Amino acid sequence: MNEKRRQIIEKLLEKINSGEVVTGDRLLPERQLAEAVGETRPVVREGLIALEAMGVLDIRDRQGIYLSSSEENEAKMMLHKVRGWPADMLSRVMEVRQIIEPLATAIAAVRRDDKDLSKMRECLRNLSELVEEPGEAAARESLIWNTTFHTVIVESAENAYLSRIYEGIHTVIEHSLSLMRIGTAPEKEGGPRSVYHDHLRLFERIEARDSAGAELCAEEHLRHSINAMVALGQIVPASNLFGQKLIGQARLL
């Protein structure tokens, strides 16, 4: 994320948290927001789009800019506080991701709309800027956009139950994804550069409404992530259901 965009996001969040630019659950119009933060409307608009992609805001056509559901945000905060997972939790969660994500991605390729694609592009733009940046700060920021990208894909499938399940799954693995980014060279499987290109291929298949291609890209991306986690000792090799061909066998039953 470039410095200008980072600054406008921080300014907007500060104003939102203070209540200065919020009436109920609705933000002031874009023009007044620009005056409040001392920026031009195009700059503010870019920040608002980024905050929507991160799940903070809900921009509704011709209706205004709203805060995301407080109940949903509270649930996300509670999930971040969960502690004491069993030692094999991450391995089990990666198994669940392999069961859910490819088919969810295939459905998203059919049901996605232009607004979904816009959110995905915003995530990819920020991820591309972070690919070569080292350190924990870049890893944490990359994690936000990585998680948001996958969440937008699942939400594009337009199934509220699936979205709720997936929200819990990604919370469990966030820390491990951050460690994977730090511990893996950019060009290696599971490294920042590899992950970005996986995401780009996923987006291209979804944009093209190529359901089968999107499903295959999701499977490949998960294989890369699992291999990187195994190399770092985060999960056991048996977590790779695709490698064991267990998912393919189950579909034949």
Odd one out for Thr148 among (1) at pLDDT 95 or above; (2) among the β-branched types (Val, Ile, Thr); (3) under 17 Å from Glu46 (Cα atoms): (1)
Failed item in (1) closer than 16 Å to Val93 by Cα; (2) modelled with pLDDT of 90 or more; (3) over 20 Å from the mean Cα position of the chain (by Cα), with His221 passing the rest: (3)
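Each row is one residue, and each column tells you yes or no for (1) buried (at least 21 other Cβ atoms within 10 Å of the Cβ); (2) charged (D, E, K, R).
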| site | (1), (2) |
| --- | --- |
| Ala104 | yes, no |
| Lys115 | no, yes |
| Lys119 | yes, yes |
| Cys123 | yes, no |
| Asn126 | yes, no |
| Pro134 | no, no |
| Arg140 | no, yes |
| Thr148 | yes, no |
Residues within segment 200-226 that are polar (S, T, N, Q) and under 15 Å from Ala157 (Cβ atoms), tallied: 1
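Condition check ((1) touching a helix residue (DSSP H, G or I) at 6+ places or on another chain (Cβ under 8 Å); (2) surrounded by fewer than 18 Cβ atoms within 10 Å (Cβ to Cβ); (3) aliphatic (A, V, I, L, M); (4) at pLDDT 85 or above) across all residues:
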{"residue": "Met94", "(1), (2), (3), (4)": "yes, no, yes, no"}
{"residue": "Ala109", "(1), (2), (3), (4)": "yes, no, yes, yes"}
{"residue": "Leu130", "(1), (2), (3), (4)": "yes, no, yes, yes"}
{"residue": "Glu174", "(1), (2), (3), (4)": "yes, yes, no, no"}
{"residue": "Gly191", "(1), (2), (3), (4)": "yes, no, no, no"}
Test for Val82: is it modelled with pLDDT under 85, surrounded by 15 or more Cβ atoms within 10 Å (Cβ to Cβ) and among the β-branched types (Val, Ile, Thr): no
Hits in segment 15-33 (condition: under 18 Å from Ile144 (Cβ atoms) and either surrounded by 17 or more Cβ atoms within 10 Å (Cβ to Cβ) or modelled with pLDDT of 85 or more (or both)): Ile16
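The values are calculated or read from the model by the stated rules, or taken from the named source; none is laboratory data. In this text the structure is predicted, and so the values were computed from the model without any measurement. Note that we place each Cβ from the backbone using ideal geometry, even for glycine, and neighbour counts take in every protein chain shown.
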